[in-house]
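For reference, the structure I am asking about is given below.
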Amino acid sequence: MKSQLIKETWIRFFKERGHIIEPSASLVPVNDPSLLWINAGVAPLKGYFEGSKIPSHPRLVNAQKCIRTNDIEQVGKTARHHTFFEMLGNFSIGDYFRDEVIPWAFELLTSKAYFGMDLDKLYFTVYPTDQETYDLWLKMGVDKTHLLRTNYNFWEIGEGPCGPSTEIFYDRGDAFGPNDPSMIENDIENDRFVEIWNIVFSQFQAKTGLSRDQYPELPSKNIDTGMGFERMAAILQGAQTNFETDLFLPIIQAMEEKTKIPYTGQMAYKVMADHLRSVVFALADGAQLSNEGRGYVLRRLLRRAVKHGKSLGFEKPFLHEFVDTVIRVMKESYPYLEAQSARLKHVIFKEEARFFETLNAGEKRLSQWIDEHSASMIPGDEVFKMYDTFGFPVELTQEIAESHGRSIDIEGFKDHLNAQKDRARNARHQNASMRDQDPELMAFKTPSTFDYDQLELSSIVIFKNKDGIVTEKTPFYAESGGQVSDTGHITLGLDVYPVIDVVKLPNGQTMLLLEDFQGDVGDQVTLTVDADVRRLTEHHHSVTHLVFKALREKMGAHVHQAGSAVGPETSRFDFTHDEMLLDETILSIEALTNQYIEEAHPVKTHITSLEEAKKKGAVAEFGEKYTEKVRMVDMGVTLDLCGGTHVKNTREIDTYALISVESKGSGIYRVTGLAGDKVKHLDEHLKGMLTALETLHQKAAPMIEKADQLKISYAFPTPPPVRFSYQRILDLRTYMASYQEALKTLEKTLQKISQENALDDINTYLVNRVDDQLLFKAQLDPDIFKTLVDRLFEHVKGVVIGVNQTDKLMFVVKSSRPEFHAGELVKTAASMAGGGGGGGANFAQAGAKEVGQVDAIMDYFKSVIR
């Protein structure tokens, strides 16, 4: 049985029993900081089981993508360990329970209509006190020798829903080990008795301090099951391991074709196929490669796969070449992968290329060290050097060391890592900036002073090139620390030159970019900053500091800056967090920020040592590298290291309106807001929402006019008052939702009246009558349509054929003439559009879903009545 058919059989079985399909959730958890990845079929449904969310239907079936990396070292060594896998599940949320699910499980596994397994090959475990489940299995025909009571059959994770479970094992036979079912009872890993399905009876509420027999019963009992998809494929395809199924073998065979090394079960092939599947799906679901969190997990998987690829002869990037094979194998269930193929290959190739550059040098050095040293443990400084200098993951160092019978000093490695973390980060920052430096600018070292307090001053030009000038003093702020550059102009005699941009040179001077400046070094110029732009920028910069403080206060000290951009139009601040902010939280952050503004804190700046600033608890800016002397900005409620320009008192900001919070991926969120005068222009940033609202109003206008003509009552919500805060956005959302609902209600009312009018004016349909024959087409409520056919038949007498088109097709035929057999007519029409139905010679009706066939069906009926 092909893997896709296994999945389809599973879903079909439960759909036949009233379940609706729950689409596979993203591998990246949403609003669940407790999980790095979705790691089980039930994980995205936790809210249903906790009762915090109610599903639209109590019976659910799914095939859920999962990632688990707790046993990464076992992948390829065993027959069944994977990092990426799929779990088949069926769930009951307060609906059916034990008496239904066990007979279903028995039928699904043993019936020839489904998986058709031999009952003698199945073993069943139950919790010792769960006599109901034990008796039900016996009732289904399970032999007592295949029913095992085990203490581990109880699902419980701390306080919350819990309950006994029953697991189903498949006996793969003598070729896979001794016939010893006690291995199941003792939970011993083996290849003969394979667990394929776990059914959890979530019926109790676990409580600290109570024994299991004292747990209270849940008011709403649930069923949670999980079947191993890859395991089922191995069994039903007669594969030696999961890796020889049609889920993995095409990937392995594609790799085999490249290496020219026949696959005979090598661990390297298995690791590459498994890890590539994980990386492809995780990247497609929005995860990013990085050095922390889930991004680090992905990087580790990809690099581990590359390491095993090298053992098969791959000496350059190769994994990206098999992305399309993974997609081809999986696209029937996950068609969205195809659209991401190019991006996935690009991201994987870049990561491979970078790793290959360091891997060759790293492995050579490590092997050399092992050859030259007899110590059983590789010291921490050497492991760190491999990691820091050669980019060699500590896990690979450990694996290579173990293959040579050595160990590594992991604690020593951690000490070196922590001690040099800041130095490594600063070195990376410096190297990045050096790439953009210009030799001429590097050589220019004459100092230039930025004056924080002046918006206009005169100064001498001390440097000039084709792009612009540097003056001895300047009031112009150059973009840095997230604050945009000032705008303005310079004057030389009678000539005025707009400042195109302001940049910071390598040695710290401020350069004004100008077009065709006619002056020269030594000339005195007047520099004038645009005061309005500076003032608005200062409002947005200062308020960003206050927002950051409010975020830490409301959400916790774990919130860190991850970037910012402040200018005259908006304030944008990126921060780290583990879940999207709720509307209530956003409102509270906005309110606290405005409180800080209204408290009128003086804003003071101090130049101090970095050491002293740290002692005082000053918060550093994201991505900034500090010298020994730093500028500290004190706003009363927050103390920050910052080189930007600010208001003199928080009250100058006047007010703050938060306009959006969005996720930027990898645990980074962005909050955007307006300050001061710009708050009055809030609606300009809500154009999308307001345009959508105007479209709704335009759609409603003719309906309202018609309703007034017909004297039909209707009720639309009152537009919300204009507010200059985030509440404005929430008000508009609520108003739009209510308006859409009112519009839908009015639309249905008008439609019903229109359809009822159709019954009153049947002459519009009778004009198509030919003698005692009538064919007509309508778009009516099905009940009204059938009534209309009856009414028309009273006038026509011979044959009436009606075709009704809504979101599907409906055919009704009434006939008193023997040559027009109603049942045969509708049956033929329905078959043309993938439908069905029938009836007798005088009356019949049918339906179909393929509405695109309506013209062909009308032609068929016309040919009949001609």
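Given the residues GLY313, GLY286, which is the only one that is surrounded by fewer than 23 Cβ atoms within 10 Å (Cβ to Cβ) and more than 22 Å from SER24 (Cβ to Cβ)? Spell out how you get there, then give the answer.
Numbers: GLY286 fails: more than 22 Å from SER24 (Cβ to Cβ).
Only one candidate qualifies: GLY313.
Picking from ASP451, ASP409, which residue would you name as being among the acidic types (Asp, Glu), within 30 Å of ASP486 (Cα to Cα) and modelled with pLDDT of 85 or more?
ASP451
Which one is modelled with the highest pLDDT, of the residues in the range 355-389 that are open to solvent by less than 40 Å² (accessible area, probe 1.4 Å) and among the aromatic types (Phe, Trp, Tyr)?
Step by step, filter the range 355-389, then rank; the result is TRP369.
Here is a list: GLY313, GLY309, GLY295. Which entry is part of a helix (DSSP H, G or I) and more than 18 Å from the chain's Cα centre (by Cα)?
Working: GLY313 fails: part of a helix (DSSP H, G or I); GLY295 fails: more than 18 Å from the chain's Cα centre (by Cα).
Among GLY313, GLY309, GLY295, only GLY309 is part of a helix (DSSP H, G or I) and more than 18 Å from the chain's Cα centre (by Cα).
Kindly indicate whether GLU456 is among the acidic types (Asp, Glu), under 28 Å from SER564 (Cβ atoms), modelled with pLDDT of 90 or more and within 43 Å of the chain's Cα centre (by Cα).
Details: among the acidic types (Asp, Glu): yes; under 28 Å from SER564 (Cβ atoms): yes; modelled with pLDDT of 90 or more: yes; within 43 Å of the chain's Cα centre (by Cα): no.
Against the criterion (among the acidic types (Asp, Glu), under 28 Å from SER564 (Cβ atoms), modelled with pLDDT of 90 or more and within 43 Å of the chain's Cα centre (by Cα)), GLU456 does not qualify.
Further, regarding this structure: Answer yes or no as to whether THR645 is part of a loop (DSSP other than H, G, I, E, B), touching a residue at least 60 places away in the same chain (Cβ under 8 Å) and more than 34 Å from the chain's Cα centre (by Cα). Steps first, answer last, please.
On the way: part of a loop (DSSP other than H, G, I, E, B): yes; touching a residue at least 60 places away in the same chain (Cβ under 8 Å): yes; more than 34 Å from the chain's Cα centre (by Cα): yes.
Yes, satisfied.
Continuing with this model, one more query. Name the residue that is nearest to SER571 (Cα to Cα), counting only residues in the range 599-653 that are modelled with pLDDT under 85 and of a type in the set (Ser, Thr, Tyr).
The selected residue is TYR626.
Output the residue which, of all residues in the range 127-145 that are in contact with a helix residue (DSSP H, G or I) (Cβ under 8 Å, 6 or more places away or on another chain) and open to solvent by less than 40 Å² (accessible area, probe 1.4 Å), is farthest from GLU217 (Cα to Cα).
Taking the candidates together, the pick is VAL142.
Show me the strands (runs of 3 or more DSSP E) found entirely inside the range 36-128 where at least 2 residues are under 20 Å from GLU8 (Cβ atoms). It would help to see each step written out before you state the result.
Values: elements: 59-67, 84-93, 122-126.
Those strands (runs of 3 or more DSSP E) span 59-67, 84-93.
Determine which member of the set GLN709, GLN773 is open to solvent by 50 Å² or more (accessible area, probe 1.4 Å) and not hydrophobic (A, V, I, L, M, F, W, C).
GLN709 is the lone residue from the list that is open to solvent by 50 Å² or more (accessible area, probe 1.4 Å) and not hydrophobic (A, V, I, L, M, F, W, C).
Still on this structure, I have one more. Restricting the first residue to the range 784-798 and requiring it to be among the aromatic types (Phe, Trp, Tyr), which pairs with a second residue that is outside any helix (DSSP H, G or I) meet a Cβ separation below 8 Å and a spacing of at least six or different chains?
Matching pairs, first to second residue: PHE785/ALA778; PHE785/GLY802; PHE785/ASN804; PHE785/MET810; PHE785/VAL812; PHE793/VAL800; PHE793/LYS814.
Taking SER609, is it within 30 Å of PHE476 (Cβ to Cβ), among the hydroxyl-bearing types (Ser, Thr, Tyr) and either loosely packed, with under 15 Cβ neighbours inside 10 Å or touching a Pro at 6+ places or on another chain (Cβ under 8 Å) (or both)?
On the way: within 30 Å of PHE476 (Cβ to Cβ): yes; among the hydroxyl-bearing types (Ser, Thr, Tyr): yes; either loosely packed, with under 15 Cβ neighbours inside 10 Å or touching a Pro at 6+ places or on another chain (Cβ under 8 Å) (or both): yes.
The answer is yes for SER609.
Moving on to the next point. Pick out the one residue from LYS744, LYS699, LYS752 that is more than 34 Å from the chain's Cα centre (by Cα), over 25 Å from VAL661 (Cα atoms) and not in a loop (DSSP other than H, G, I, E, B). If you could, list the steps in order and put the result at the bottom.
Values: LYS744 fails: more than 34 Å from the chain's Cα centre (by Cα); LYS699 fails: more than 34 Å from the chain's Cα centre (by Cα).
Within the list LYS744, LYS699, LYS752, the selection yields LYS752.
Could I ask something else about it? Being over 24 Å from the mean Cα position of the chain (by Cα) and over 23 Å from SER290 (Cβ atoms) narrows it down to one residue among ALA375, ALA353; which is it?
Just one listed residue meets the conditions, ALA375.
Would you mind finding the one in THR487, THR526 that is polar (S, T, N, Q) and in contact (Cβ under 8 Å) with a residue 60 or more places away in the chain?
Details: THR487 fails: in contact (Cβ under 8 Å) with a residue 60 or more places away in the chain.
Answer to the selection: THR526.
A further question follows. If you take the residues of the range 469-498 that are of a type in the set (Gly, Ala, Ser) and farther than 22 Å from ASP523 by Cβ, which of them is most open to solvent (accessible area, probe 1.4 Å)? Full working, then the answer.
Applying the first criterion (of a type in the set (Gly, Ala, Ser)) to the range 469-498 yields 478, 480-482, 485, 488, 493.
Retained after the next criterion (residues that are farther than 22 Å from ASP523 by Cβ): 480-482, 485.
Numbers: SER480: 40, GLY481: 18, GLY482: 20, SER485: 15 Å².
Here the answer is SER480.
How many residues does the range 662-694 contain that are assigned to a strand (DSSP E or B) and surrounded by 20 or more Cβ atoms within 10 Å (Cβ to Cβ)?
Counting residues in the range 662-694 that are assigned to a strand (DSSP E or B) and surrounded by 20 or more Cβ atoms within 10 Å (Cβ to Cβ) gives 5.
With the requirement that a residue be buried (at least 16 other Cβ atoms within 10 Å of the Cβ) and not in a strand (DSSP E or B), what does the range 842-859 give you?
First, pick out the residues of the range 842-859 that are buried (at least 16 other Cβ atoms within 10 Å of the Cβ): 842-848, 853-854, 857-858.
Correct list: ASN842, GLN853, VAL854, ILE857, MET858.
Of everything in the range 29-48 that's at pLDDT below 85 and buried (at least 20 other Cβ atoms within 10 Å of the Cβ), which residue is farthest from ASP224 (Cα to Cα)?
Of everything passing the filter in the range 29-48, PRO29 is farthest from ASP224 (Cα to Cα).
The values are calculated or read from the model by the stated rules, or taken from the named source; none is laboratory data. Predicted model, so just to flag it, every value in this text is computed and none were measured. Here Cβ is always computed from backbone atoms with ideal geometry, including for glycine, and neighbour counts include all displayed protein chains. Ligands, DNA and RNA are stripped out before the accessible areas are found, and what is left, the full protein with its side chains, is counted by its heavy atoms. Shrake-Rupley method; radii C 1.70, N 1.55, O 1.52, S 1.80 Å.
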